[in-house]
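Just so you know, all these numbers are worked out from the coordinates, no wet-lab data involved. For clarity, every value in this text was computed on a predicted model and none was experimentally measured. Heads up, the Cβs are rebuilt from the backbone with ideal geometry, glycines too, and the neighbour counts pull from every protein chain shown.
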Amino acid sequence: MLLGEDRAASYLFDVGEFESSPDVNDDAPRNCESGSIAEAEFLVRAQRNGWHCYVPFGHATKADVIVFRPFGRPVTVQIKKGVFQGKGNGSWKIMAGSGKPSCAVNPKDYGKRYTLYRRGEFDALAMWVQEKECFVFWTLDELVERSVSCVRWYAGNACNNWQVLDELAERSI
């Protein structure tokens, strides 16, 4: 039988088997999904702002994306989705560190739950504020100097400060 002839593809699996699972809790938080959405938003917006994007393969890298322009220094970016904190003025928060597996630490002690970022791990941290459809950027140097495990952004402050990436790209290597 030739390729393209009218023949059922019996060797393929039935996608319908994988459409739903009774074991899935639809109310569960979707941290991985929201992180993937933040990264996809970053890629689209970075390209609209004239950046070329490279996504490293693997989970052992601190940088989620590397952006660059011709004749500029590559800039490594860690991307996180901000979580709305409805108290007070209304702010968005991200944890500025690498999380450890919950089985390995005391969940009530942030110092043990997170390893703070160190200089050289990446260049910039980008927080996706989904409700405002904007990114907020910090250099890693700003975060390392603070020595805190979380960063907040308040709705009245500036966002879409892509110039942070421009300034990092202009630095000499």
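By the count of neighbouring beta-carbon atoms within 10 Å, fewest first, R69, R171 end up ordered R171, R69. Each residue of the stretch 39-45 was assigned a 3J(HN,Hα) from its phi angle through the Karplus expression (A = 6.51, B = -1.76, C = 1.60, θ = phi - 60°), giving 5, 5, 4, 4, 4, 5, 5 Hz with x at Gly and Pro. Between beta-carbons, use under 14 Å as the cut-off and find the net charge around I66, counting Lys and Arg +1, Asp and Glu -1. Spelling it out: positives minus negatives among the neighbours equals -1. Sorted on the mean count of surrounding Cβ atoms within 10 Å across their residues, most packed first, peptides 51-57, 137-143, 75-81 read 75-81, 137-143, 51-57. For S91, the amide hydrogen comes within under 5 Å of the amide hydrogens of Q85, counting only partners 5 or more places away or on other chains and with H modelled in the peptide plane.
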